Amino acid sequence: MADIDLPSTVIAPQRPPKIRANWIRTWFGTPGNTLITLVCVGTLFILAKLAIDWLLVKATFAGTPADCKSGSGACWPFLAAKLRYMLFGFYPFEEQWRPLLALSLFLGGALVSMSPRLWGRALLGVWCLVLIPAQYVLMAGGVFGLVPVPTSQWGGLPLSFLLSFIGLACALPLGILLALSRISELPIIRILAVSFIEIVRGVPLISILFMATVMLPLFMPEGVTIDKLVRAQVAIIIFAAAYIAEIVRGGLQDIPRGQVEAGSALGLHYWLVMFKIVLPQAMKKVIPPLVGLFIGFFQDTTLVTIVGLLDFLDTVRSAMRDPAWQGIAVLEGYLFAAAVYFTFSALMGSYSRYLERYFKTTHD
């Protein structure tokens, strides 16, 4: 039987369906989202234009309070006239190079200390034996021919850094000790730690500052007084330690129990297991909440004004109450204070992200 040739059918390869690029839907989503986005962009544009007009176009950059009254923009001569007071408060005018140098030493030391490669006993010794004593000598005076300046005249930005960063540096080891005590297997130690943490966290910082400043002297022997700045510093340390303890405890709970058992199997005692194995891992995990707490306490130092200490924000407010400038430059002072707080807070946030990348605690 002869073969019959059948016509061959050629099947063309299937092409993927054409997808029309819709950049509006890609960038904004639904028509409703697009409308909301456009409204927000338009609003931001209007606000930006008004801000530029007030900050630059219509602003007064030189002159007297009378010149600012006649203008409709920002009054920048106020900042030029009151800058030193806002930074250093009632510190003697002719001696203000001393808090400036002390602040420069602190910021320079903090900048160098930001490298984890330099962390160690040597760096701790430099801070405890050189930098902190040098800053105190510069601020207080009384030696090396420096004029004595009582702490009642300290104020402004150096005081804010002193209360926040030194307070937090002292609160960190205390908070770690409290966290270890709270998870201790000894009932008495655990109950004392829990009681301390919960009592301190159960009251606002302003009440602890008030008690340390007003009520503490009532319990001191007759003739014994404690400097007001020291009392406020101790109150901040105690309050911050309670919050640091809870943050560190959260990191400790995230460490598997096997880590502790492995250390014990190697013959390490409890403290070596904690400080060599458990704590290094736990501290890496709690970097973001710790830095967030530090930023919050740096901003909360403004509460010390209730105990008679003039921090940076309060010196800005005092400058605005000057009769020559009162009612003229209000927003300018608060903008300057906000810019300073934002700058240092943003730097701390950036440093937190750097530490996370350095210790590889993220999955980016």
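The values are calculated or read from the model by the stated rules, or taken from the named source; none is laboratory data. On a predicted model such as this, the values are computed, not experimentally measured, just so you know. In this analysis, Cβ positions are derived from the backbone assuming ideal geometry, glycine residues included, and neighbour counts consider all displayed protein chains. These accessible areas exclude ligands, DNA and RNA; they are computed on the full protein's heavy atoms, side chains included. Shrake-Rupley method; radii C 1.70, N 1.55, O 1.52, S 1.80 Å.
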### Query
What are the principal axis extents of the Cα atoms in the range 93-148, in Å, biggest first?
39, 18, 10
### Task
Grab the Cα-Cα distance for residue 55 and residue 186, subtract it from 0.36 nm times how many residues apart they are, and report the gain in nm with one decimal.
41.0 nm
### Task
Taking Cβ-Cβ under 4.7 Å as the only way to count a partner, pick out the unpartnered cysteines of the chain.
40, 128, 170
## Note on the structure
The rounded separation in angstrom of the Cα centers of the range 219-292 and the range 128-204 is 13 Å
### Message
With an 8 Å Cα cut-off and a minimum separation of 6 or more residues, compute the relative contact order for the chain in percent.
### Response
19 percent
### Query
Just from its helices, what would the mean residue ellipticity at 222 nm be for the chain, if runs of 4 or more DSSP H residues each count -39500 (n - 2.57) and the sum is divided by every residue, rounded to the nearest 500 deg cm²/dmol?
-18500 deg cm²/dmol
### Query
Mean projection of the alpha-carbon convex hull of the range 57-204 over all orientations, in nm²?
15.1 nm²
### Query
Taking only the alpha carbons of the range 179-317, what extent do you get along each of the three principal axes, in Å, biggest first?
57, 37, 22
### Message
Rolling a 1.4 Å sphere over the protein heavy atoms, what is the accessible area per residue of the chain, to the nearest Å²?
### Response
62 Å²
### Message
Modelling each spin label as a point 7 Å along the Cα-to-Cβ direction, I'd like the residue 271/residue 67 distance in nm, to one decimal.
### Response
6.5 nm
### Summary
Counting only protein heavy atoms with a 1.4 Å probe and every protein chain in place, the carbon and sulfur fraction of the accessible surface of the chain in whole percent equals 69 percent
### Message
Can you give the log10 of the normalised intensity I(q)/I(0) at q = 0.13, 0.23, 0.24, 0.28 Å⁻¹, computed with Debye over equal Cα scatterers of the range 244-295?
### Response
-0.32, -0.80, -0.84, -1.02
### Message
If you average 1/r across every pair of different Cα atoms in the chain and take the reciprocal, what Kirkwood value do you get, in Å?
### Response
25.4 Å
